[in-house]
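Undergrad: Would you mind keeping the following structure in view while I ask a few things?
The values are calculated or read from the model by the stated rules, or taken from the named source; none is laboratory data. Bear in mind the structure is a predicted one, so any value in this text is a computation, not a measurement. Cβ placement follows ideal geometry from the backbone for every residue including glycine, while neighbour counts extend to all protein chains displayed. What goes into the accessible areas is simple: the full protein's heavy atoms, side chains included, and nothing from ligands, DNA or RNA. Shrake-Rupley method; radii C 1.70, N 1.55, O 1.52, S 1.80 Å.
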Amino acid sequence: METSTGTARLTAASGADPGARGRLAGTLVMLCGGMSNQLGASTAALAFPVIGPAGVVAVRQWVAGLVLMSLGRPRLRSLTWPQWWPVLSMAVVFATMNLTLYLAVDRIGLGLAVTLEFLGPLAVALAASRRWVDLGCALAAGGAVAVLMRPQPSSDHLGMALALVAAACWAGYILLNRTVGRRVAGIEGSAAAAGVSALLFVPVGAWVLAHHPPTPAALACAAAAGVLSSTVPFLGDLFALRRVPARFFGLFMSVHPVMAALAGLVVLGQELDGPDWAAIGAVVAANAVSALTAGRARRPLPRRGRPAGAGRPRRSGRDGSRNHSPG
């Protein structure tokens, strides 16, 4: 879930048209990646009774950090402080995001936790907009949150608060990822952040595993979460973003709360009532409408006496493409 922003900035500038077959392949990969992400989260929850959410997150971060460091191979000694501080900040936010999400999943279930967490990237997308349609999307999402957090005998307000903290962390992760993308080449910044995040969980994981001896099955579930929820989506996004339009990728991301709710139902037996399903659908619809209409905004007309596109040329980025807002 959290890897999509990092991979998006690598491939969004590609203008090549891969054709219908390539788009179909990209769509299938996105579908598999989304299912893998939520299957990993539900598999991780199976280990909660043995080592708790903190223990599961520690093992997941270790596995994800090892894999992403191997893929990105960041040159840590060459990083300067202006490059290091956003990497370190992103590592802290990354660790906090996963810990608070898994704590929320343990208390309120996978579907509701992921839906509330999804408000983070939705808020980032809507906050920068001045369109009436996005205001409507924000109001719809706000109404959905009110439904999800309505008082009930079984309401767990601490779990909901933890999910909202995870949402805020995801929003911060997106913004920091943009900064890292401008200052560190390729995926080295994301890989370095994953490695630092793994180190942050060494004392936490050591304490938890010492006081709650893990079983082989619990360790396997936690390690599987690191592969299914981090490595597979990361590689899938790299493949898909070269083959499908960025707007369609954003639209597809909106179905993750539904996938999470279905994974929670099938794997964990977590049932939702009608209003909860309607609220999840409203959040999905808000993001889908915003993503579909984002590319249709009217472009400003060129100034008189100057041909379209004239003016001072922008400096090209490292990859030769025009500079743009990553993500």
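Undergrad: How much accessible area per residue does region 21-297 have, in Å², with a 1.4 Å probe?
TA: 43 Å²
Undergrad: Now, a different point. Cα centroids of region 61-97 and region 113-139: how far apart, whole angstrom?
TA: Distance between centres, Cα-based: 27 Å.
Undergrad: Here is a further query. Can you work out the Karplus-derived ³J(HN,Hα) for every residue in region 218-234? Use 6.51 cos²θ - 1.76 cosθ + 1.60 with θ = phi - 60°, whole Hz, and x for glycine or proline.
TA: For region 218-234, the Karplus-derived couplings read 5, 4, 5, 5, 5, 5, 4, 5, x, 7, 6, 9, 10, 5, 4, x, 4 Hz, x marking Gly and Pro.
Undergrad: Something else about it: Which net charge results for the neighbourhood of Ala286, defined as the other residues with beta-carbon distances under 15 angstrom from its beta-carbon, given Lys and Arg at +1 and Asp and Glu at -1?
TA: Taking every other residue near Ala286 into account, the sum is -1.
Undergrad: Mean separation of Cα pairs under 8 Å and 6+ residues apart, divided by the residue count of region 55-204: what relative contact order is that in percent?
TA: 52 percent
Undergrad: Using the per-residue mean of other Cβ atoms lying within 10 Å as a proxy for protection, in what order, highest first, do the peptides 24-34, 52-62, 266-276 fall?
TA: My ranking of the peptides, most packed first, is 52-62, 24-34, 266-276.
Undergrad: To continue, here is another question. Which length gain, in nm to one decimal place, applies between Glu271 and Arg75 when the Cα-Cα distance is subtracted from 0.36 nm times their residue separation?
TA: Details: separation 196, 0.36 × 196 = 70.56 nm, distance 4.63 nm.
Length gained, Glu271 through Arg75: 65.9 nm.
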